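What follows is a single structure, written as structure tokens, with notes after it.
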Amino acid sequence: MQLAADRLAAWADEWCVAINKEKSSTTLFTLSSKQKTGTIKLGDTPLRSDDEATYLGVTFDKKQTWKPHIHNAEAKARRKLAPQLGLQQRRPTSRHWTGSKTKPSGSLLDR
């Protein structure tokens, strides 16, 4: 892997492309708990090792499960839907307001 990182650094220097080394990281994708990632350097800077990597909005984790990606997508959907769900909860259940100021029990996601 170090050879590939060296080639990347050489290509970036040749084509005057700046690589943000603070945002760059390495992730070892394996199901084995015995494998350890070594230190990979980009130029003279060692890259940090992360358990998760996000590429084009898809989150990959080192155990090759979809749990982090699904969790992030669910959280994003909840944030986007929260205002709409709040509006629906404030609607009256009948044509006339009952005058009750209590919140409806449960949320739409629990039903």
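Would you mind stating whether Thr26 is under 15 Å from Met1 (Cβ atoms), among the polar types (S, T, N, Q) and surrounded by 12 or more Cβ atoms within 10 Å (Cβ to Cβ)? Yes. Selection over region 2-33 of residues that are touching a residue at least 12 places away in the same chain (Cβ under 8 Å) and either assigned to a helix (DSSP H, G or I) or in contact with a His (Cβ under 7 Å, 6 or more places away or on another chain) (or both) gives a count of 4.
Taken over region 34-55, the residue count meeting the criterion of being without any contact (Cβ under 8 Å) to a residue 24 or more places away in the chain, assigned to a loop (DSSP other than H, G, I, E, B) and out of contact with any Ser or Thr (no Cβ under 7 Å at 6 or more places or on another chain) is 5. Within region 53-61, is there a residue that is modelled with pLDDT under 90, touching a Leu at 6+ places or on another chain (Cβ under 8 Å) and under 24 Å from Met1 (Cβ atoms)? Among the residues of region 53-61, not one is modelled with pLDDT under 90, touching a Leu at 6+ places or on another chain (Cβ under 8 Å) and under 24 Å from Met1 (Cβ atoms), which makes the answer no.
So in region 1-52, with the set limited to residues that are in contact with a helix residue (DSSP H, G or I) (Cβ under 6 Å, 6 or more places away or on another chain) and closer than 30 Å to Lys76 by Cβ, which one is modelled with the highest pLDDT? By that ranking, first place goes to Ile19.
The values are calculated or read from the model by the stated rules, or taken from the named source; none is laboratory data. Worth saying up front: this structure is predicted, and the values here are computed from it rather than measured. We place every Cβ from the backbone using ideal geometry, glycine too, and count neighbours over all the protein chains shown.
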